[in-house]
Amino acid sequence: MCSLPVPREPLRRVAVTGGTHGNEMSGVYLARHWLQAPAELQRLSFSAVPVLANPAATAACRRYVDHDLNRAFTSSFLNSRPTPDDPYEVTRARELNQLLGPKASGRAFDFVLDLHNTTANMGTCLIAKSSHEVFAMHLCRHLQLQYPELSCQVFLCQWSGEESYNLDSVAKNGLALELGPQPQGVLRADIFSRMRTLVATVLDFIELFNQGTAFPAFEMEAYRPVGVMDFPRTDAGNLAGTVHPQLQDRDFQPLQPGAPIFQMFSGEDLLYDGESTVYPVFINEAAYYEKGIAFVQTEKFTFTVPAMPVLNPAPSPAS
Amino acid sequence: MWTDSQRKSDKKLLGEMTSCHIAEEPIKKVAIFGGTHGNELTGVFLVKHWLENGAEIQRTGLEVKPFITNPRAVKKCTRYIDCDLNRIFDLENLGKKMSEDLPYEVRRAQEIYHLFGPKDGEDSYDIIFDLHNTTSNMGCTLILEDSRNNFLIQMFHYIKTSLAPLPCYVYLIEHPSLKYATTRSIAKYPVGIEVGPQPQGVLRADILDQMRKMIKHALDFIHHFNEGKEFPPCAIEVYKIIEKVDYPRDENGEIAAVIHPNLQDQDWKPLHPGDPMFLTLDGKTMPLGGDCTVYPVFVNEAAYYEKKEAFAKTTKLMLNAKSICCSVH
């Protein structure tokens, strides 16, 4: 399995995006704050650009206006001809693609960090495309080592054969931070502060890389999706039950065949009838009810990440 | 001066020489409202299921009607369509001339008023339970609108005792300017049931279980009351609203400080002058001023950002209820 090319030059064009979902408040408030006071995002060899990704949804404190922005970055949406009836987020995705991309082109930003919250008990979750993203894997490792108390879990979101659709896929390298649990529309000080610290450390890592730091090979453990499970529903499509108390809040913990996963209105338990242990994530995420997802089933696997080639140090501070 | 029902009670009191201080009419009609806020899912779920299978909420001799109050907001899984349904059951809104131009919730309020009200009307509902969730760490909460309502104080005492050791708090919103015109206020006995923390748009099994138990005990109380049980004088601890506190904001009206980590999730716990209250985005702590200890509630409720309420200050006090029994026994 080959890895994708790692950066051979210092990363100069870096962006941090908040408010991709307008009701995920840590990123919304951080982006707004940095747009007023960007000093915190500056490093010697580059300055990260803050972006409020979905201004209309942010103003309305909703996930999206017409269409989930974080599903709008496929080539089909990005490259089809604009029409006046296009959903707000499709138009916005094209704008962001102009600003931070174009996706898969040489002109794209070097790195985009996208900030999210979840109502699920996912703690500090680092979301990258796949294990082939060597730069992103080294970044994740760095965050895990800097903050062992946070138990940062790595979730590799790309389903095999599927095109990427999320915002940070427009750049050459990207990562999403997913912090929870936090209700939509709520700004918690503890999660806000953790997000801010993590962003600073991401930028520090990029600076270390730009300055020629060596990052040796290592073994990484991560989770990748193998399926999704919807809520039990009535014929009318309403909820017939909800996540079982023994599964609720147990993101990243092993779920064995036969264990209860849903509790019906009647009190009856529905059991997991898969054949192997899975690791559920996004358990009871509010935004996924409409996507028909009560939780995402993942498998845990380990892989080797090759060393990152050392850069020649960056010549001078970025202008 | 005296209402019809008070005169009736007094007659029964003197005529039957009961040991009970207040004799009340039996409860005939009870409503359980869900979906007053369309994204507070526990009530939505319970009411939808009880509409299919209401066995759990039936009690002999009692009509219990589950009802979805804001179906359009429920369908969109949003708090409201045009305006907050739980703030507009005042005379002005209820009296507006019906028209398509009225906000959806105002039209809906009038429909609900005609179906379940008016207060003290012949066919009106005696008790309305309105089911809510909050993102705040408030646990099981009962909301009381009138400090002199003996019947409800007795009911709340019964519910609290039955739930113990699970805590159940009583929030008294009786206040000349802060009181609001709730959906349930059209009934003689309005009961707010609020359980949290639960994010908007999420249905948690543990929260569902708690709300279900609260309703069960409430209906059991009504049933015992109707069967003639006398409830001796009692007292309950309540938290009475004093003041609402907004987030510190900047010159553009944007929030400039967050609920401090020491206050986050600490609903019902004492907050003393000098204790941390807010944390600015620059990392400065803003303490509680004044010289009174308060008991914060609705700390960091998502829906209250737009109402400019970071939390509500309450004071703790005891409310007493006289003994009550049903007048037909």
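The values are calculated or read from the model by the stated rules, or taken from the named source; none is laboratory data. If you're wondering where the values come from, they're calculated on a predicted model, not measured in any experiment. Glycine also receives a Cβ, built like all others from the backbone with ideal geometry; neighbour counts cover every protein chain displayed. Accessible surface is based on the protein model in full, side chains and every heavy atom, while ligands, DNA and RNA are left aside. Shrake-Rupley method; radii C 1.70, N 1.55, O 1.52, S 1.80 Å.
Residues being over 24 Å from the mean Cα position of the chain (by Cα) and open to solvent by 30 Å² or more (accessible area, probe 1.4 Å): count how many of those fall in region B:256-275. Residues flagged as over 24 Å from the mean Cα position of the chain (by Cα) and open to solvent by 30 Å² or more (accessible area, probe 1.4 Å) within region B:256-275 amount to 7.
The set of residues in region B:190-209 being in contact with a Cys (Cβ under 7 Å, 6 or more places away or on another chain) and either open to solvent by 40 Å² or more (accessible area, probe 1.4 Å) or among the hydrophobic types (A, V, I, L, M, F, W, C) (or both) consists of B:Val195 alone. Residues of region B:55-64 include at least one that is open to solvent by 60 Å² or more (accessible area, probe 1.4 Å), in a helix (DSSP H, G or I), under 23 Å from A:Asp235 (Cα atoms) and touching a residue at least 60 places away in the same chain (Cβ under 8 Å). Among the residues of region B:111-131, the ones that are outside any loop (DSSP other than H, G, I, E, B) and open to solvent by 10 Å² or more (accessible area, probe 1.4 Å) come to 4 in all. Do we find a residue being basic (Lys, Arg), surrounded by 16 or more Cβ atoms within 10 Å (Cβ to Cβ) and farther than 26 Å from B:Phe45 by Cβ anywhere in region B:169-189? Within region B:169-189 (the criterion being basic (Lys, Arg), surrounded by 16 or more Cβ atoms within 10 Å (Cβ to Cβ) and farther than 26 Å from B:Phe45 by Cβ), the answer is yes, since at least one residue qualifies.
Quick check: anything in region A:165-176 open to solvent by 30 Å² or more (accessible area, probe 1.4 Å), among the hydroxyl-bearing types (Ser, Thr, Tyr) and more than 23 Å from A:Val226 (Cβ to Cβ)? Checked region A:165-176: no residue is open to solvent by 30 Å² or more (accessible area, probe 1.4 Å), among the hydroxyl-bearing types (Ser, Thr, Tyr) and more than 23 Å from A:Val226 (Cβ to Cβ). Residue count for region A:261-299 under the criterion of being within 10 Å of another protein chain (Cβ to nearest Cβ) and either of a type in the set (Lys, Arg) or in a strand (DSSP E or B) (or both): the result is 3. Within region B:288-303, residues that are in contact (Cβ under 8 Å) with a residue 60 or more places away in the chain reach partners that are open to solvent by 10 Å² or more (accessible area, probe 1.4 Å) and hydrophobic (A, V, I, L, M, F, W, C) with beta carbons closer than 7 Å, at six or more positions or on different chains, in the pairs B:Val297/B:Trp268.
Consider A:Asp66 carefully, then state whether it is closer than 28 Å to A:Val281 by Cα, in the same structural domain as A:Ala176 (by the TED database) and more than 20 Å from the chain's Cα centre (by Cα). Yes. Of the helices (runs of 4 or more DSSP H) lying entirely inside region A:10-99, those containing at least 1 residues that are more than 16 Å from A:Leu177 (Cα to Cα) and in contact with a strand residue (DSSP E or B) (Cβ under 7 Å, 6 or more places away or on another chain) are A:25-36, A:55-59.
Annotation: A:Ala189 fulfils all but one of (1) within 14 Å of chain B (Cβ to nearest Cβ); (2) in contact (Cβ under 8 Å) with a residue 60 or more places away in the chain; the unmet one is (2). The lone criterion from (1) within 14 Å of another protein chain (Cβ to nearest Cβ); (2) under 18 Å from the mean Cα position of the chain (by Cα); (3) among the hydrophobic types (A, V, I, L, M, F, W, C) left unmet by B:Ile193 is number (1). Filtered by the rule that a residue be open to solvent by less than 40 Å² (accessible area, probe 1.4 Å) and over 20 Å from A:Asn117 (Cα atoms), region A:40-69 gives A:Leu41, A:Ser45, A:Phe46, A:Ala48. Starting from residues that are touching a residue at least 40 places away in the same chain (Cβ under 8 Å) and in contact with a Ser or Thr (Cβ under 9 Å, 6 or more places away or on another chain), keep the ones in region A:159-168 and report whichever is nearest to A:Phe135 (Cα to Cα). Only one residue fits best here, namely A:Asp168. Taking each residue of region B:196-209 that is at the interface with chain A (Cβ under 7 Å from one of its Cβ atoms) and looking for partners that are basic (Lys, Arg) and open to solvent by less than 40 Å² (accessible area, probe 1.4 Å) with beta-carbon atoms closer than 8 Å, six or more apart or interchain, yields B:Gln200/B:Arg79. Looking at the structure I just gave you, is A:Ala136 within 14 Å of chain B (Cβ to nearest Cβ), hydrophobic (A, V, I, L, M, F, W, C), touching a Leu at 6+ places or on another chain (Cβ under 9 Å) and farther than 27 Å from A:His67 by Cα? So A:Ala136 does not fit the description; no. Residue-level check: of (1) within 14 Å of chain A (Cβ to nearest Cβ); (2) part of a strand (DSSP E or B), B:Pro296 misses just (1). The residue of region B:218-247 that is farthest from the chain's Cα centre (by Cα), among those that are more than 13 Å from chain A (Cβ to nearest Cβ) and closer than 23 Å to A:Ile191 by Cβ, is B:Asp246.
If the condition is being surrounded by fewer than 16 Cβ atoms within 10 Å (Cβ to Cβ), in contact with a Leu (Cβ under 7 Å, 6 or more places away or on another chain) and either on the phi < 0 side of the Ramachandran plot or not assigned by the TED database to the domain that holds A:Tyr288 (or both), then region A:232-258 contributes only A:Arg233. Entry remark, region B:256-295: residues being closer than 26 Å to A:Arg196 by Cβ and of a type outside the set (S, T, N, Q) number 22 in total. Taken over region A:207-231, the criterion of being open to solvent by 20 Å² or more (accessible area, probe 1.4 Å) and within 14 Å of another protein chain (Cβ to nearest Cβ) is satisfied by A:Asp230 alone. The numbered conditions (1) touching a helix residue (DSSP H, G or I) at 6+ places or on another chain (Cβ under 9 Å); (2) open to solvent by less than 10 Å² (accessible area, probe 1.4 Å); (3) within 27 Å of A:Ala307 (Cβ to Cβ); (4) in a helix (DSSP H, G or I) are all true for A:Met137 except (1). Do we find a residue being at pLDDT 95 or above and farther than 30 Å from A:Glu9 by Cα anywhere in region A:300-308? Yes - at least one qualifying residue is present in region A:300-308. Quick one: is A:Asp204 within 14 Å of another protein chain (Cβ to nearest Cβ), open to solvent by 60 Å² or more (accessible area, probe 1.4 Å) and either free of Cβ contacts under 8 Å to residues at least 60 places away in the same chain or not in a strand (DSSP E or B) (or both)? No: the conditions fail for A:Asp204. Going by the conditions given, is B:Pro273 free of Cβ contacts under 8 Å to residues at least 24 places away in the same chain, outside any strand (DSSP E or B) and either basic (Lys, Arg) or within 19 Å of A:Tyr29 (Cβ to Cβ) (or both)? In short, no. Here B:Gly289 fulfils each of the conditions (1) over 19 Å from B:Asn137 (Cα atoms); (2) within 14 Å of chain A (Cβ to nearest Cβ) apart from (2).
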